[in-house]
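Worksheet: one structure, shown below.
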Amino acid sequence: MKTKLIFITGGVVSSLGKGIAAASIGAILESRGLKATIVKLDPYINVDPGTMSPLQHGEVFVTEDGYEADLDLGHYERYTNIVTSRRNNFTTGQIYNSVITKERRGEYLGKTVQVIPHITDEIKKSIYEAAEGSDVALIEIGGTVGDIESLPFMEAIRQVGHELKRNQAIFIHLTLIPYIEAAEELKTKPTQHSVTKLREIGIQPDILLCRTDRDLTDDIRKKIALFTNVTYDAVIQAIDVECVYEVPLRFHDEGLDDKIVELLQLWTKRPNLQIWADIVHSYKTPKDMVTIGVVGKYVDLRDSYKSLHEALTHAGTALNLKVNIEYIDSEAVIEKNDVKTWESCDGILIPGGFGERGVAGKIETIQFARENNVPYFGICLGLQVAIIEYARNVLGLEDANTVEIDQHAKDNVIDIMAEQKNVTDMGATMRLGAYPAKLEAGSKIAEIYGTTEISERHRHRYEVNNKYLPMLQEKGLVISGKNPELDLVETIELNDHPWFVAVQYHPEFKSKPTYPHPLFFRFVEASYQNKQQRNN
Ligand code: GLN
């Protein structure tokens, strides 16, 4: 195999930003002219994260080919030109699934099937398949060194390192150098232990990425190098930054990419990271602020709306505005009848969601935005609830509902598609991944996209019931986009409102800092105009 491999492991604690580190390295390597790919190996037993609550594991990211993926794939796509697919993420559950399937088929020819070599071989096979066709493949291992769960993955990558030549695969370890207030000192001991743990498994890291909240002194760097057997110039500081898109710049300043290409003996041009410098500059020096209320039920964990949060930020950066995102709990809103919460928002967004909890609050929120000319952007459930609100309050269909909440709703304005009716498995059975939509020429959304043919990613089970379209249209709701093949509603808008657009798909998955999604851009822009008008 010609592809060079970079394995990334994490130590000491979780949440050090391995995903962003991998994505940032990907960005710099692409800027050096290399074709990169990034793969995430997740040690949990779920076959994919699709069935996990966003409050447990953060957002479920959706790929073009309809795989429900770990949110790190979102980072990979935002920082690089990589279009990820199901090849870019696999879990212990998947690995065991395929080994057990082979065993049942008798493919192991009577052998005892074991973690080593059968599970590890399957892991290696998946790594090689995903790496194929790129100059460099970054392989991020989920979890923290020392976890029981990740051991088969660690063993598999150790074997890969052993099988390949030295300049073919390297190991990067992300670790934490905590500052202890009482001693007024940065401490290297947790890192020493973490590397010891790695070496027990047989992996000697080539590069250490040291997360820290302050500059590492020369002495500290020397000490880390000495105790971990990593060369001094491969002890790389990964300092906390205000803007996540600063990470590629900082890594480059630290010489990380030079070290990587030296170790892998890759000959490349110098990187040009100006675009990241411009993004960071705009982010740090906004001309003004705009407040967007995101009304949802997973508001307690920031990561549950990761791509959405980033997409709003990308739009803000492009408009040189600081986007102040207020996460509003849709249940609390209605309990407190908290009109003030809405009134402080220049624009309101309702993102995707599942189940009944919080829907009543969302209906009231949309009514408020619609009647008070507040820019409204609905995504997935945010479209479905906008239809329910319109049916109830404009068409007078009091019982209008989605069958997700009320199976026997008299007016089932949101219904389940025939092909979904017989589905019993919850995993990977929704309308998933990229689907085309045809936009109505002359509609607001066609103008926003600058085209009438689009493709966006989906993740939902329910659809607008076409039976109600004539009634809705008669009362002014504009059906501005449809899936031509399946004849399903994709986008709606209102004419007698400054900015009211809702979409059945998830545009946030395709927004990047280098390519802010036009819907987010125009929504934030409209919200800012609303702010300026209110202030006048
Ligand atoms: N729960 C709705 C459905 O399954 C919406 C899903 C979503 O918002 N992603 O259709």
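Before moving on, here are some points about what is shown:
- The modelled label-to-label distance for the pair Val403/Arg534, using points 7 Å beyond Cα in the direction of Cβ, is 3.9 nm.
- Dipole moment magnitude, nearest 20 debye, the chain about Cα centre, only Lys, Arg, Asp, Glu C-beta charged: 1280 debye
- Segment Asn97..Glu356, full-extension length gain: 90.0 nm, with 0.36 nm per residue of separation and the alpha-carbon distance subtracted.
- HN-Hα J in Hz across the range 167-173 - Karplus 6.51, -1.76, 1.60, θ = phi - 60°, x for Gly and Pro: 8, 9, 8, 10, 10, 10, 10
- Nitroxide proxy distance, nm - points 7 Å out along Cα→Cβ at Leu55 and Leu109: 5.2 nm
- Backbone amide hydrogens, once placed in the peptide plane, bring Phe500 within less than 5 Å of Tyr376, Leu494, excluding anything fewer than 5 places away on its chain.
- Ordering His460, Ala21, His118 by Cα displacement along the dipole of the chain toward the positive end leaves His118 in first place; charges were set at the Cβ atoms of Lys, Arg (+1) and Asp, Glu (-1).
- Extension gain, Arg461-Gln192: 0.36 nm per intervening residue step, less the Cα-Cα distance, totals 92.0 nm.
- Anchor Lys287: lysines whose Cα lies under 16 Å away (excluding residues fewer than 8 positions away in-chain): Lys322, Lys531
- Amide H contacts of Thr231: none lie under 5 Å away among residues 5 or more positions distant or on a separate chain (H built 1.01 Å from N in the peptide plane; Pro and chain starts excluded).
- Virtual paramagnetic centre 7 Å along Cα→Cβ of Leu486, amide N under 19 Å, in the range 437-466: 437-440, 453-466
- Coordinate range along principal axes, alpha carbons of the range 1-156, Å, largest first: 50, 40, 33
- Ranking Asn88, Leu109, Asn46 by Cα position along the charge dipole of the range 1-144, where only Lys, Arg, Asp and Glu carry charges on their C-beta atoms, puts Leu109 farthest toward the positive end.
- Centre-to-centre, using Cα atoms only, the range 124-143 and the range 1-63 are separated by 10 Å.
- Whichever lysines have a C-alpha closer than 24 Å to that of Lys111, once near sequence neighbours (fewer than 8 apart) are set aside: Lys102, Lys124, Lys125
- Cα gyration tensor shape for the range 96-204, rounded if a/c is under 1.5, else prolate or oblate: prolate
- 3J(HN,Hα) along the range 397-412: 8, 4, 8, 4, 7, 9, 5, 4, 9, 10, 4, 10, 3, 4, 10, 7 Hz, from the Karplus curve 6.51 cos²θ - 1.76 cosθ + 1.60 with θ = phi - 60°, whole Hz, x for Gly and Pro.
- Share, in percent, of DSSP beta bridges within the chain that are antiparallel, nearest 5: 35 percent
- Modelled FRET efficiency - R0 30 Å, Glu129 with Trp267, Cβ distances, 0.05 increments: 0.70
- Most positive-pole-ward Cα, Ser527, Gln159, His193, against dipole of the chain from beta carbon charges: Gln159
- Alpha carbon centroid spacing (whole Å) that separates the range 456-494 from the range 321-394: 19 Å
- Residues Arg461, Arg199, ranked from the fewest to the most other C-beta atoms within 10 Å, line up as Arg199, Arg461.
- The range 32-123 - charge dipole about Cα centre, Lys and Arg +1 at Cβ, Asp and Glu -1, debye rounded to 20: 320 debye
- Over 24 Å between alpha carbons, listed pairs Lys444/Lys512; Lys40/Lys362; Lys18/Lys187; Lys2/Lys510: Lys40/Lys362; Lys2/Lys510
- Placing +1 on each Lys and Arg Cβ and -1 on each Asp and Glu Cβ, with no other charges, gives the range 232-275 a dipole about its Cα centre of roughly 240 debye.
- Kirkwood Rh in Å, taken over all unlike Cα pairs in the chain: 24.9 Å
- Between Ile139 and Ile6, Phe7, Ile8, Val39, the built amide H atoms are under 5 Å apart, and every one of these is 5 or more places off in sequence or on another chain.
Computed from the coordinates by the stated procedures, all read-outs in this text should not be read as laboratory data. Owing to the predicted nature of the structure, the values given are computational and were not obtained by experimental measurement. Because the Cβ atoms are built from the backbone with ideal geometry, glycine has one as well, and the counts that use them run over all protein chains shown.
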